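Asker: Here you go, one structure.
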Amino acid sequence: MSESLKACKQKECNVSVDGVCMEAIKLDDCPHFYFRLPSGEAKFEIQEDEEDQEDEEETKDEVAPNKHDDSMSLYSGEPFTIENLTSFTGGTACKSIYILGGPECGKTTLIVTIYDLLQQGPFNDILFAGSHTLVGAERRSHLSHEISGSLDPDTERTFTRQFEFLHLSLKLKGSENHPATNLLLSDINGEKIRDSMNTNATMSELERIKYAHRVVYIVDGELLGDVRQSLIVHYDVKLFIKRAIDCKVFVPTTDLKIVISKADKLNDIDVHAKKLFDMLEKAFKDKVGKLSFSCIAARPIPNKLGIKMGEGVYDLVKDWMQDNLLAAPKYERIRIKTSNRSFNRFTTKPRLNGE
Amino acid sequence: MENNILVMGLAGTGKTTFIAALWAYLTEDIPEKELTLHSLVDGDSKYLNEITRQWLTCNRIQRNLKTESHKDIRMNLKVVGDGSEIDLNIPDIAGETFQEHFDIRKWSKSYDETIARTTGVLLFVSPLTPNNKPALILDALEITREMDENLVHSESDSSFEDDGAARTNETEQASTNGNSLVVEVVDKVDVLGAESFGGNASKSKAEKGSVDTELIDDINGVAAFTPYNPELTCNQVKIIEELQFIAFHHPKVIPVKVAVMVSAWDQLISPVVDLSPEDWLNINMPLLYQFIKCNSGKFTVDFFGVSAQGVDYDDENEVRRKFGTLPQDRIIIQKNHDRSHNITMPIMWVLR
C-alpha cells in the first residue's frame, strides 16, 4: 500500500509521511487512521495485482469484502452516473428531472436550495424520505453552510460535462405510509448546454433528455435585467429549444418549464417575464408536450421585501412529484421475442432512467 | 427469538455514560430490577468497572478510556419477568468508527455481522454535539440584517431628548422589554438546543446572553475557508446514512425497532418549555425526523430523553447535592412527557 494514501483524522499525526501513528498505536487499532486517495477522496485503494483484478469489477454499490483487511465497502453516496444509474433504478421507480441553462444561471443552486430547505424542516408539506447520494448533495451544498467558513453563500460550479444525478426521495405530509416519489435531479454543465446550441452532434449528446419526467430550462434573471444581456438571453433560449426539437431531444411528450432565476435581482420582473414567455409560447407552444413558465428566487440576498429562500421553488418541486400526464408515444413500445420456455413480455423501449 | 440490541451513535452522544449507569444498575443490588446481567461475552469487565467508577463519582469519562475501549462490548442480559435473554452490543462505544462509515464508506466485517443479527437499536443523539444540522450562511445574514435594522430604529428612538425623564423612562422601558425578549428567546433556544442560531450548543446556562454577540462576531470576523470534507457533514445526515446503510445492505434486518435516545436530557428540562424528546428531534435534527416519519415501514421508532449523568458536572453545588441521593435516582428517562428513573425503559421498549 502506498504510504501517500495513509491518513489520519488527527492533523498533528505524520502517518501519511512516515507511516507511524503518533500515539504509537498499531494502525489497525487506531480509531483515527484511514486510507485516502491522492484526489482527496477517502476510499480504499484496490491493489494492482492479479489477485485483485476480480475486485475491479465490483461496483461501489455492492458490499465488497476486502481481501486485505476486515472491512466491507458501502455504497458511495456520490451522484449516480449513466454507468451505475441502472443498478439503482433497476429496482426503484424514479422520475428524472433535467435542469438546463447557461453557465451560472442557478441550476445547481436550485438543487442545493431544495436540499438546504429540507435540512431545516419540511418544505411546506414535502418531506424528506431519503437519498442515496447524500455525499454528492453535501459537497454541492457545502458553500452555503457556515461550516465552510464562507461569508457569503455560494454554489460550486458544475465542472463535469457528464450526466450526474442526485437522488431525492420525497413524500407528502399525510402520505408518510405511501410509497415515496424518487426524483433524479440532473444539472448539466452550462458550457455543455451552450455548446449544444451550436451543432446537432453536440445536441444529440443530450438525447436521453427525451425520456425525462420534467425538463426545466433556467434563464438567468440577473442577465434579463441588463438591456444588452437580455438580447443574448432571448436569443440563446430560443436557439437551444429549436435545436433540441430538431434533434428530437425535446419530443411531443416533453414537459418543459421555463424558469427565470434570481427574481429578487430583477426589477420589473413582470414586464421581463411576460416578454420572454410570450416570445417562447408563440414559437414553441405546439412543438412540445407542455410548456409552462415560472420565476424563482432560490437564494435571494437578505432584503426588506421579505423574499424568502426558495421563493417559487415549492411549486416546482410539487409539480415534479406529480405523475406525467403526457401519454408515452406509441413508438416507445416494442414486443420482445422470447423463447417458449419463458413468458412473453410486452415492454417499452429500454428507458435509460428506469422510468 | 434472539434479541440483539445495537447501541450506536456519534462520538460524544452519551453512550458511554449510559452504559456506565446501566452497568451500575446491573451489578448493584437494586430492588425490583427488570433486567439482570447474565454474562459478559468476553468476560473482562475492567473497562465497564472503570467507567462506572467515573460515573458514580460524577466525573467525566476520560478520553483515553474511550479510545482504549475500541473493542466490542457485548453484554448478555436477562429479563426478570419472563427470563428472555438479550444481547446488548456496543461495537463502537467511542462513536468514532460510526463517523468513519460516512467518511470512508466502509465498515468492519464484525460490525457487518453485528448488523446482520440486530433486532433493535438504541440510537444516541445529543444537544451538546455541534453541527446537528447545518447552519446556513443566508440565515445568518438575514439575522444580521434584522439586527442592523433594529439598531437603526433604537438609535433613532434615543435621539429624542425632549420630555425629559418621562421620555427617557419610556425608552429605557422599551430597551428593557427588548432585552427581555432577547433573553427569553435565547432561553428557549438554549432549551431547544441552540442549534438554529449556529451558536455553540455546549455553552453553559450562564453564557446564554452572549450567543447573539458571538454570532455577529462570527459573521463579521475573518473566517478561514474550509473546502468540503465528509467529516464536516452535519450529524443528522450521517445518522440518516447509517440507517440507510442498514436498510440497503441488510434488508433482512428490516423492519427494526429504533429507540432514539436524546442524551443530556436534564439540560433540556425547563419550566418554560415542556419539550418531549420527539419535539426536540423535530426542531434540532429535522431532516432525520422527516426521514424517520417517512420510513416507518423500515424503522419502528420511539423517542426517549435520557440523562444518565443527571447533573451538570460543572455545577459543584448540584454535584454535592446529588451525592446525597442513590446513584440510580440521578438517572432521568423521559418518554413523551413522562419521566422516571428507570434506565431499562428504552431497552424494554425495543424488546416488546
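Asker: Is there any pair linking a residue in the range B:234-250 that is under 13 Å from A:Glu138 (Cβ atoms) to one that is part of a helix (DSSP H, G or I) and of a type in the set (S, T, N, Q), with Cβ under 8 Å and at least six apart or on different chains, and which?
Answerer: Every condition considered, the pairs that remain are B:Cys234/A:Gln119; B:Gln236/A:Gln119; B:Val237/A:Gln119; B:Lys238/B:Gln99.
Asker: Then there's this: Quick one: how many residues across the range B:276-300 are over 14 Å from the mean Cα position of the chain (by Cα) and of a type in the set (A, V, I, L, M)?
Answerer: Matching residues across the range B:276-300 total 2.
Asker: Suppose the filter is within 14 Å of another protein chain (Cβ to nearest Cβ), free of Cβ contacts under 8 Å to residues at least 12 places away in the same chain and in a helix (DSSP H, G or I); does A:Ile232 pass it?
Answerer: Numbers: within 14 Å of another protein chain (Cβ to nearest Cβ): no; free of Cβ contacts under 8 Å to residues at least 12 places away in the same chain: yes; in a helix (DSSP H, G or I): yes.
Against the criterion (within 14 Å of another protein chain (Cβ to nearest Cβ), free of Cβ contacts under 8 Å to residues at least 12 places away in the same chain and in a helix (DSSP H, G or I)), A:Ile232 does not qualify.
Asker: Does A:Ser87 satisfy the criteria of being at negative phi, more than 7 Å from every other protein chain (Cβ to nearest Cβ) and crowded, with 23+ Cβ neighbours inside 10 Å?
Answerer: No, not satisfied.
Asker: Within the range A:112-134, take every residue that is touching a residue at least 40 places away in the same chain (Cβ under 8 Å) and of a type in the set (S, T, N, Q) and give me the one that is farthest from B:Leu138 (Cα to Cα).
Answerer: Within the range A:112-134, the match that is farthest from B:Leu138 (Cα to Cα) is A:Thr133.
Asker: Still on this structure, please answer the following. Restricting to the range A:184-200, name every residue that is closer than 18 Å to A:Val259 by Cβ and of a type in the set (Asp, Glu).
Answerer: Once the filter is applied, which keeps residues that are closer than 18 Å to A:Val259 by Cβ and of a type in the set (Asp, Glu), the range A:184-200 yields only A:Asp187.
Asker: Kindly establish whether B:Val273 is under 20 Å from the mean Cα position of the chain (by Cα) and at pLDDT below 95. Break it down stepwise before answering.
Answerer: Values: under 20 Å from the mean Cα position of the chain (by Cα): yes; at pLDDT below 95: yes.
Answer is yes for this residue.
Asker: Of all residues being more than 12 Å from every other protein chain (Cβ to nearest Cβ) and over 12 Å from A:Phe80 (Cα atoms) in the range A:154-171, which is surrounded by the fewest Cβ atoms within 10 Å (Cβ to Cβ)? Just the residue, please.
Answerer: Taking the range A:154-171 and keeping what is more than 12 Å from every other protein chain (Cβ to nearest Cβ), we get A:157-166.
Remaining after also requiring over 12 Å from A:Phe80 (Cα atoms): A:157-161.
Working: A:Arg157: 12, A:Thr158: 21, A:Phe159: 7, A:Thr160: 12, A:Arg161: 13.
Out of the qualifying residues, it is A:Phe159.
Asker: Hey, any hits in the range A:110-117 for a residue that's modelled with pLDDT of 95 or more, touching a Cys at 6+ places or on another chain (Cβ under 7 Å), farther than 19 Å from B:His250 by Cα and not aromatic (Phe, Trp, Tyr)? I'd like the intermediate steps shown before the answer.
Answerer: Going residue by residue through the range A:110-117, those that are modelled with pLDDT of 95 or more are A:110-117.
Then keep just the ones that are touching a Cys at 6+ places or on another chain (Cβ under 7 Å); that gives none.
Among the residues of the range A:110-117, not one is modelled with pLDDT of 95 or more, touching a Cys at 6+ places or on another chain (Cβ under 7 Å), farther than 19 Å from B:His250 by Cα and not aromatic (Phe, Trp, Tyr), which makes the answer no.
Asker: May I pose another question? Tally the residues that are farther than 23 Å from A:Pro122 by Cα, within 12 Å of chain A (Cβ to nearest Cβ) and either surrounded by fewer than 19 Cβ atoms within 10 Å (Cβ to Cβ) or free of Cβ contacts under 8 Å to residues at least 24 places away in the same chain (or both), restricting the search to the range B:113-138.
Answerer: 2
Asker: For B:Gln309, are the conditions met, namely being touching a residue at least 60 places away in the same chain (Cβ under 8 Å) and assigned by TED's automatic domain parsing to the domain that holds B:Asp279? Give the steps one after another, and end with the answer.
Answerer: Working: touching a residue at least 60 places away in the same chain (Cβ under 8 Å): yes; assigned by TED's automatic domain parsing to the domain that holds B:Asp279: yes.
Yes.
Asker: Evaluate the following for B:Phe248: is it of a type outside the set (A, V, I, L, M), surrounded by fewer than 20 Cβ atoms within 10 Å (Cβ to Cβ), assigned to a helix (DSSP H, G or I) and within 13 Å of chain A (Cβ to nearest Cβ)?
Answerer: Values: of a type outside the set (A, V, I, L, M): yes; surrounded by fewer than 20 Cβ atoms within 10 Å (Cβ to Cβ): yes; assigned to a helix (DSSP H, G or I): yes; within 13 Å of chain A (Cβ to nearest Cβ): yes.
It is true that B:Phe248 is of a type outside the set (A, V, I, L, M), surrounded by fewer than 20 Cβ atoms within 10 Å (Cβ to Cβ), assigned to a helix (DSSP H, G or I) and within 13 Å of chain A (Cβ to nearest Cβ).
Asker: Here is a further query. Just to be sure I understand the filter: pairs with C-beta atoms under 6 Å, separated by 6 or more residues or on different chains, first member in the range B:71-86 and more than 15 Å from B:Trp349 (Cα to Cα), second member assigned to a strand (DSSP E or B) and among the acidic types (Asp, Glu). Which pairs pass?
Answerer: Filtered contacts from the range B:71-86: B:Asn76/B:Asp87.
Okay, residues lined up against (1) surrounded by 15 or more Cβ atoms within 10 Å (Cβ to Cβ); (2) in a loop (DSSP other than H, G, I, E, B); (3) at pLDDT below 90:
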residue	(1), (2), (3)
B:Met1	no, yes, yes
B:Val7	yes, no, no
B:Thr16	yes, no, no
B:Ala21	yes, no, no
B:Glu32	no, yes, yes
B:Ser39	no, no, yes
B:Gly43	no, yes, yes
B:Tyr47	yes, no, yes
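Asker: Just to verify a result, which residue in the range B:279-328, among those that are assigned to a strand (DSSP E or B) and away from chain A (no Cβ under 14 Å), is surrounded by the fewest Cβ atoms within 10 Å (Cβ to Cβ)?
Answerer: Step one: filter the range B:279-328 for residues assigned to a strand (DSSP E or B), giving B:299-307.
If we keep only those that are away from chain A (no Cβ under 14 Å) too, we end up with B:302-307.
Numbers: B:Asp302: 15, B:Phe303: 23, B:Phe304: 22, B:Gly305: 26, B:Val306: 30, B:Ser307: 24.
Step by step, filter the range B:279-328, then rank; the result is B:Asp302.
The values are calculated or read from the model by the stated rules, or taken from the named source; none is laboratory data. No experiment lies behind these values; they were computed from the predicted model shown. Note: ideal-geometry Cβ built from the backbone for every residue, glycine included; neighbour counts use all protein chains shown.
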